[in-house]
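Read the structure below first, then the notes.
The values are calculated or read from the model by the stated rules, or taken from the named source; none is laboratory data. Here the structure is a predicted model, which is why all the values come from computation and not from measurement. Reconstructed Cβ throughout: ideal geometry from the backbone, glycine too, with neighbour counts over all protein chains shown. Side chains are part of the model used for accessible areas, which takes the heavy atoms of the whole protein and leaves out ligands, DNA and RNA. Shrake-Rupley method; radii C 1.70, N 1.55, O 1.52, S 1.80 Å.
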Amino acid sequence: MSFKNSKKFSLMFKNEKDIFNILFEAVSEGVIVVDSTQKIISTNASAEKMFGYTKNEITNQQLEILIPQKYHPNHGAHFHSFIKYQESRQMGIGRDLFGARKDGSTFPVEVGLNPLEFSGESFVMALVIDISIRKQQELQLQELNAQLEKKVDERTQELSNTVEALKTVNFERDAEIKKRIEAQNKTKNALKKEKELNELKTKFLSLVSHEFKTPLSGILTSAMLLGKYKLSEQQERRDKHIKTISDKVHYLNNILNDFLSIEKLETGKITYNFSTFKISKVVNEVVYNANMLLKEGQKINYPENIDDYSLFQDEKIVELALSNLVHNAIKYSSENTLVDIQITQDEKFSTFKIMDNGIGIPENDQKSIFNRYFRAENALLTQGTGIGLNIVKSHLENLGGSISFISEEHKGSVFTFILPNKVNKQ
Ligand code: ADP
C-alpha cells in the first residue's frame, strides 16, 4: 500500500508537471510528504539537503529516520492524533523540536503540518525549517543577557558597596566633625571665659584708676583735715570728715563687692541663703540707707501698709536688688525730685516698682542697659561702673524672677522686678 501511495503522489506531480512541481522544489523550507503510515512519499531538495540524504535514500523510508531516537516513543501518538483531527497546524507548540541528520547529528527545527486528501488517501505535508542559526542567536542573546544581568548585578553590588562605604565615611566624617565642633566650642568657651576674665581685670584696673581716685582723694583730704581740727569745738567738722571718709570707703567697698559678685556669678560659686522674712523689713533698711544719699529736696515714697507681705527668698539679694534700683533712681535724678517705691503681692509673685523723674535712658541705649559695664551716654558724668543692673538681673533670674523697665529721656524711668514669693529650690 505504501508503495502504491508513493506512486500515486508522484503521479500527481508528474501528470501536472506544472507550476506546482516547480514551487515544490523551489521553496527554501524543506518539504516532506508522508502517508498515513508515516512513510516518506516525497521530499524536496531543501529537505534532502537539510537532513543529508539523497532523494533515493530518503524516499519510502519511515519518517522516524528524520527524528532523533529519543523522541520516537511520543512521536507516533502525536502523528496519529494529527491524522485523526486533520487540521493544519504548527507542530510542537510549547516544546522544542529536533530533526536527525543522516550523520546522526540533530538540529532544531520548526515544523508546519498540512493534511492532504488525494484519491481517497490521507497524506501529511510537513514544512520544515532549520532553526539552528536562530536558536544559536537566541542562545547567544540569552548568554549575552545573562552576562549583562550578571554585570548589572555586579555593578549594583559595587554601587551599594560604595554607597555603604560612603555612608560609613559620612558617618565617620560626621562623628569627626561633631568631635571637632565640640572641641572648637570648648576652646571657644575657654577662650571666651579667658577673654572675659581679662576684660574683668582690665576693667577693674581702669576702674581702680578712675573710680577709686576720686573717693580715695576725698578720703585722703578728709583724713588730712581731721588732723587739723584739734580744738574741741571743732567736733562738728571732724564728724563731717569722718562721715565723708566712711561714705567713700563704703562706696569703694560696694564696687569691690560688685566685682566679687561678678566672679561668683560667672563661676557658679554663688550660694543663696533662703529664709522667710517680711518685705517691709527690707524696704525700711533700704530706705534708711538711701536717705543718706538723697540730694537736696529729694524724697522717697514707700509703702507703709505691707506688713502682711512675706517672702521665702534670699533676703540679702532682695535687699541688693531694691537698693541698687533706689540708688540709681536717686543718682540719675536731680534735686527736688521724688523716688516712688510701690510693692504688690499676689498669691505667687511679689512685684517691686521703683519710679523716678530723673534723666531717663536714651532710646538707643535701652537695649544694652543690662549688659555688663554698659553705661548710657547721658550717665557718663555721674559716677558708676555699669555693673549693678547686670548683677541684679543675674541674681533675680537665678531666683526665678525677672527685671524690666520703661524709660523716657528727661522724663524718668520705672524699673520693675518680680520674684516668686517662695523660691523654688533645685
Ligand atoms: P552704674 O549706675 O554704676 O553705671 P548700673 O548697672 O546700675 O551701673 O546701671 C547701668 C546704666 O543704666 C547706668 O550707667 C545708667 O546709664 C542707666 N540707668 C540705670 N538706672 C537708671 C535710672 N534710674 N535713670 C536713668 N538711667 C539709669
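Aspartates and glutamates near K167 by alpha-carbon distance under 16 Å, same-chain residues fewer than 8 away left out - which ones? Answer for K167, where 16 Å is the Cα cut-off: E158, E176, listed by chain and number.
With the whole protein complex present, L141 retains an accessible surface near 100 Å², based on a 1.4 Å probe. A 1.4 Å probe over all protein chains sorts H72, H410 by accessible area into H410, H72, starting with the largest.
In sequence order, the range 113-124 has phi-based couplings of 10, 10, x, 10, 10, 8, 6, x, 9, 9, 10, 10 Hz under the Karplus curve 6.51 cos²θ - 1.76 cosθ + 1.60, θ = phi - 60°, and Gly or Pro positions carry x. Helix 315-331 and the longest principal axis of the Cα set of the chain meet at an angle near 70°.
Computed on the chain, with alpha-carbon pairs under 8 angstrom and 6+ residues apart, the relative contact order is 9 percent.
Placing R0 at 25 angstrom, the Cβ-Cβ distance between E117 and E57 gives a FRET efficiency of 0.35 after rounding to 0.05.
Surface exposure of the range 98-175, expressed per residue as accessible area with a 1.4 Å probe, stands at 72 Å².
For the chain, the Kirkwood radius over C-alpha pairs fed into Stokes-Einstein at 37 °C and 0.692 mPa s yields D = 100 µm² per second.
Largest mean-square fluctuation among V33, V249, V286, in a Gaussian network model of the chain whose springs join Cα atoms under 10 Å apart, belongs to V33. Each residue, T382 and E304, gets one label point 7 Å from its Cα in the Cβ direction; the gap between the two is 2.8 nm.
Consider a paramagnetic label point 7 Å from the Cα of S105 along Cα→Cβ; state which residues of the range 37-75 have an amide N under 11 Å from it. Answer for the range 37-75: 52. Given their separation in residues at 0.36 nm each and the Cα-Cα distance between them, D247 and Q136 gain 28.5 nm when the chain is fully extended. What's the angle, to the nearest 10 degrees (0 to 90), between helix 213-228's Cα axis and the longest principal axis of the chain? On a 0 to 90 degree scale, this one is about 20.
How do I219, I133 rank by accessible surface area computed with a 1.4 Å probe, from largest to smallest? Please list the in-between numbers first.
Working: I219 30, I133 115 Å².
Ranked from most to least accessible, the order is I133, I219.
Between T37, T187, T276, the residue with the greatest mean-square fluctuation in the GNM of the chain (Cα pairs under 10 Å linked by springs) is T37.
Taking the Kirkwood radius as Rh and the Cα radius of gyration as Rg, the range 111-165 has a ratio of Rg/Rh equal to 1.57. Restricting attention to the range 320-426, the count of lysine pairs at 8 or more positions apart or across chains with alpha carbons under 26 Å apart stands at 17.
Full extension of the segment from S217 to E236, taken as 0.36 nm per residue of separation minus the current Cα-Cα distance, would add 4.7 nm. For the chain, the longest principal axis of the alpha carbon atoms and the long axis of helix 388-398 meet at an angle near 50°. The spacing between the range 290-317 and the range 324-402, judged by their C-alpha centroids, is 14 Å. Computed over the alpha-carbon atoms, the range 293-426 gives an Rg to Rh ratio of 0.97, Rh here being the Kirkwood radius from the mean inverse distance.
At 0.36 nm per residue, minus the direct Cα-Cα distance, what do A45 and E266 gain on full extension? Give it in nm, one decimal, please.
Numbers: separation 221, 0.36 × 221 = 79.56 nm, distance 11.07 nm.
In short, 68.5 nm is gained.
The fraction of accessible area contributed by carbon and sulfur in the chain is 55 percent, rounded to a whole number (1.4 Å probe; ligands and nucleic acids excluded). Over all projection directions, the Cα-based convex hull of the range 97-253 averages an area of 23.7 nm².
In debye, nearest 20: dipole of the chain around its Cα centre with unit charges on the Cβ of K, R (+) and D, E (-)?
Rounded to the nearest 20 debye, it is 1100 debye.
Of N114, N170, N328, the residue with the greatest mean-square motion in the GNM of the chain, using alpha carbon springs below 10 Å, is N114.
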